[in-house]
1. How large, in percent, is the carbon and sulfur part of the accessible surface of the chain at a probe radius of 1.4 Å?
2. Looking only at Trp45, Trp107, Trp32, which one moves most when the chain is put into a Gaussian network model with springs between Cα atoms under 10 Å?
3. If one computes the Cα centroid of the range 18-77 and of the range 79-129, what distance in Å separates the two points?
4. Around Leu113, with a cut-off of 13 angstrom between Cβ atoms, what is the net charge of the other residues, counting Lys and Arg +1 and Asp and Glu -1?
5. What longest region of the chain stays clear of trypsin sites (Lys or Arg not before Pro) that DSSP places outside H, G, I, E and B and that have at most 14 other Cβ atoms within 10 Å?
6. Under the √(5λ) rule applied to the eigenvalues of the Cα gyration tensor, what semi-axes describe the equivalent ellipsoid of the chain? Give them in Å, descending.
7. Rounded to the nearest whole Å², what accessible area per residue is found for the range 8-95 with the 1.4 Å probe?
8. What per residue convex hull volume, in Å³, do the alpha-carbon atoms of the range 28-89 yield?
Amino acid sequence: MSLGLRVLMVATDLGFLAYWAITALHLLPPAWLFADYEDPILQSWNWSFLPLDLLVSASGLLALGLARRGDARAGPMTVVSLTLTSCSGLMAVAFWTLRADFDLAWWLPNLFLLLYPLPFLGRLLAAHG
């Protein structure tokens, strides 16, 4: 696993854990919240990502631990983590597109989640083809 991939995965996995802790503790200022945040349906939509995002973090941290030990299962676990990461970003981008809500504060992190895994997935899948 390359240093770049390790750094991106650690940042993403810990970032998800931090985001959900901050969200649960209501630490974000209202100006930073997405449009219509007070709508219970949108809050439910946001919280619906929790299981997926926790799976991203768990699989990513597991993949990193396996890679550090030289365990061959690191590759497949990395593929799982990167795929889930991209799916999380895709779901959010699709939602904001359907709502025609183009706030860069929410689009940029989700485009990052959608796109950063793709070249790494391509390389991993080609190597294990």
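1. C and S fraction of accessible area: 74 percent.
2. Ranking Trp45, Trp107, Trp32 by mean-square fluctuation puts Trp32 first.
3. Cα centroid to Cα centroid, the span is 13 Å.
4. For residues surrounding Leu113, the net value is -2.
5. Free of exposed loop sites, the longest segment is 1-68.
6. Whole-Å semi-axes of the equivalent ellipsoid: 29, 16, 11.
7. 52
8. 85
The values are calculated or read from the model by the stated rules, or taken from the named source; none is laboratory data. Since we're looking at a predicted model, the values are computed, not measured. Ideal geometry is used to build each Cβ from the backbone, glycine not excepted, and the neighbour counts take in all protein chains shown. Heavy atoms of the whole protein, side chains included, go into the accessibility calculation; ligands, DNA and RNA do not. Shrake-Rupley method; radii C 1.70, N 1.55, O 1.52, S 1.80 Å.
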